[in-house]
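All remarks here apply to the structure that follows.
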Amino acid sequence: MEKWRLTYVVNDGSGMFGLEPARGHTYEVELDTANLLREGPDEQTILEMMRSAVRDHAGEGAVLTDAEEVSS
């Protein structure tokens, strides 16, 4: 397990009506990425794990914008 700091925004549609723009949020989570490469097919697997973690945390409108591995 590795710890990640995920940055995301919640797209609730208010931006298209000229309301307040989406604000970034962060979420720290441990993901089972230790045995996955940071390139090729494994990279896509890691990204989907991160997207899923953000959606589970903040809802279906959450969009992953950045990820950073956190040192233990």
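The values are calculated or read from the model by the stated rules, or taken from the named source; none is laboratory data. Everything numeric here is computed off the predicted structure, so don't read it as measured data. Because the Cβ atoms are built from the backbone with ideal geometry, glycine has one as well, and the counts that use them run over all protein chains shown. With ligands, DNA and RNA removed, areas are computed over all heavy atoms of the protein, side chains included. Shrake-Rupley method; radii C 1.70, N 1.55, O 1.52, S 1.80 Å.
Structure values in brief
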quantity	calculated
Long-range neighbours under 9 Å by Cβ, at least six apart or interchain, first residue basic (Lys, Arg) within region 23-47, second open to solvent by less than 50 Å² (accessible area, probe 1.4 Å) and modelled with pLDDT of 95 or more	Arg38/Ile46
Region 21-60, subset open to solvent by less than 50 Å² (accessible area, probe 1.4 Å) and assigned to a loop (DSSP other than H, G, I, E, B), residue farthest from Ser71 (Cα to Cα)	Gly59
Residue among Glu39, Glu48, Glu28, Glu20 that alone is modelled with pLDDT of 95 or more, more than 11 Å from Leu6 (Cβ to Cβ) and not aliphatic (A, V, I, L, M)	Glu48
Complete set of residues in region 61-72 that are open to solvent by 40 Å² or more (accessible area, probe 1.4 Å) and over 18 Å from Ala22 (Cα atoms)	Glu68, Glu69, Ser71, Ser72
